[in-house]
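Reviewing the structure listed below.
All of the numbers you see were taken from the coordinates with simple rules; none came from a lab. What you see is a predicted model, and the numbers here were worked out from it, not measured in a lab. Heads up, the Cβs are rebuilt from the backbone with ideal geometry, glycines too, and the neighbour counts pull from every protein chain shown.
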Amino acid sequence: MALTRKALKAMGLTDEQVDSIVEMHTDTVDGLKEKIRIAEEKAADYDEVKKQLEASKGGKDYKSEYDKLKGEFDAYKKDVTEKEIAAAKTKAGRAYFEAKGIKGGNLEIAMRGAKDEISALELDGDKIKDTKALDALIAGDYKGLIVSESTKGADPVNPPANGGSVLKTREEIYAKDDKGRYKLDAVQRMQELAKIEASGKE
């Protein structure tokens, strides 16, 4: 039932009592209205702050963005590390062949032909842990690349200009015997190809 002056008077209250009750009731209602207004304003503020935060993020998921950037950096770091390791292996392989007496143009031939073996090397600092694969090359196909300092002959990459070495044709270099095997071994073929490149004749 609505709290009206008439209802209060009907309860036998004096005018002063009625005025007091109405005033108290009005203050209570006004107070509640004010609290509701403040709550509504705060709710509106919260919505606005939320919108601003979302707008400042640009709709991005920052964790995903971080994970993506970290992944790209890790991939870059791995690539750099792999290149550094490959360079160290190449340097170690070159030093090994030089120590075995393979020099100059023969060294370049050896390095090109031993790419797989060099790539598979394991290093301890700048030293090769196990040289078995390279030792096998030295004992086999690369034996002809070793030049003794006391009996050093002409550099196969730069043959004498006086015609002392006859260039083979590519057909001769890749010629096979009646069993389908190359007449020249791998090292010899590389040496002959190097002579052609050095002469400028194709």
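Quick rundown of the values:
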item: Built amide H within the under 5 Å cut-off of residue 185, gap 5+; result: none
item: Computed label-point distance, nm, for sites residue 42 and residue 169 using a 7 Å Cα→Cβ extension; result: 9.9
item: Neighbour-count order for 181, 189, fewest beta carbons within 10 angstrom listed first; result: 181, 189
item: 5 angstrom amide H check on residue 128, placed H, neighbours 5+ away; result: none
item: Taking segment 29-138 and dividing mean pair separation by its residue count, relative contact order in percent (alpha carbons under 8 Å, at least six apart); result: 18
item: Backbone HN-Hα couplings from phi across segment 114-124 [Karplus 6.51/-1.76/1.60, Hz, Gly and Pro as x]; result: 10, 4, 5, 5, 5, 4, 8, 5, 10, 10, 10
item: Residue order, fewest to most beta carbons within 10 Å, for 145, 123; result: 123, 145
item: Which of 133, 119, 71, positive extreme of dipole for segment 41-142 (C-beta unit charges); result: 133
item: Which listed pairs, of 6/33; 70/129; 77/115; 68/127; 70/127, have C-alpha distances above 30 Å, in listed order; result: 70/129; 68/127; 70/127
item: Exposure proxy ranking, count of Cβ atoms within 10 Å, fewest first, for 45, 185; result: 45, 185
